[in-house]
Amino acid sequence: MFKKSHDDYDSAGVSPPRIGEQQPIRSKNVSVIGPTLVFKGELSADEDLVIEGTIEGTIAHHKKNLTIGRQGRVTADIHASSVIVEGELNGDIHSDGLVSLAKSGKVRGNIYCARLVMEEGTQYSGTIDMAKPSALKVAPGPDEVKEEFARAENLTA
């Protein structure tokens, strides 16, 4: 009687989906590109996206989650908050968060991410870069600047 439906599901504040988890096909703020759809060009949206069709171009999904489903065929560079690959991807992945590669996934491209999960059996060809951002450099204090000028004057004199 008081059960919440999938339409009442609010994805704000919830961790990104992981491979192997059963996800509803259509919940609030999720777009689905069906298996018969073919798209060429630049794709961007302000909601989570599930791709079951064929995409060629670029995908800009900076603050949202992107899933390439089992039937999905993507030839594109991807920029997304988190990415799950269960289908085929030819292109680079740029993610601020989690990249998950399912055993059914086939990926040819480089991955730049903070975290990576790869199931046994995934077909992958490329490089992985999980480098942390460089440390913030602190500006020298006034005494250090005066010392540096004094050293420079001694060298020129």
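Can you pull the one-decimal nm distance between simple spin-label points at ALA60 and TYR112, each 7 Å off the Cα toward Cβ?
For ALA60 paired with TYR112, the spin-label model returns 1.5 nm.
For the stretch 80-131, what is the Kirkwood estimate of the hydrodynamic radius, computed as the reciprocal of the mean inverse distance between distinct Cα atoms, to one decimal in Å?
About 10.5 Å, per the Kirkwood formula over Cα pairs.
Going 7 Å from the Cα of GLU119 toward and past its Cβ, which residues in the stretch 71-100 have a backbone nitrogen under 17 Å from where you end up?
Within reach of a label on GLU119: 71-73, 83-89, 99-100.
Bear in mind these aren't lab numbers, they're just calculated from the coordinates by the rules spelled out. Everything numeric in this text was worked out from a predicted model, so none of it was measured. For neighbour counting, all protein chains shown are included, and Cβ atoms are generated from backbone atoms with ideal geometry for every residue, glycine included.
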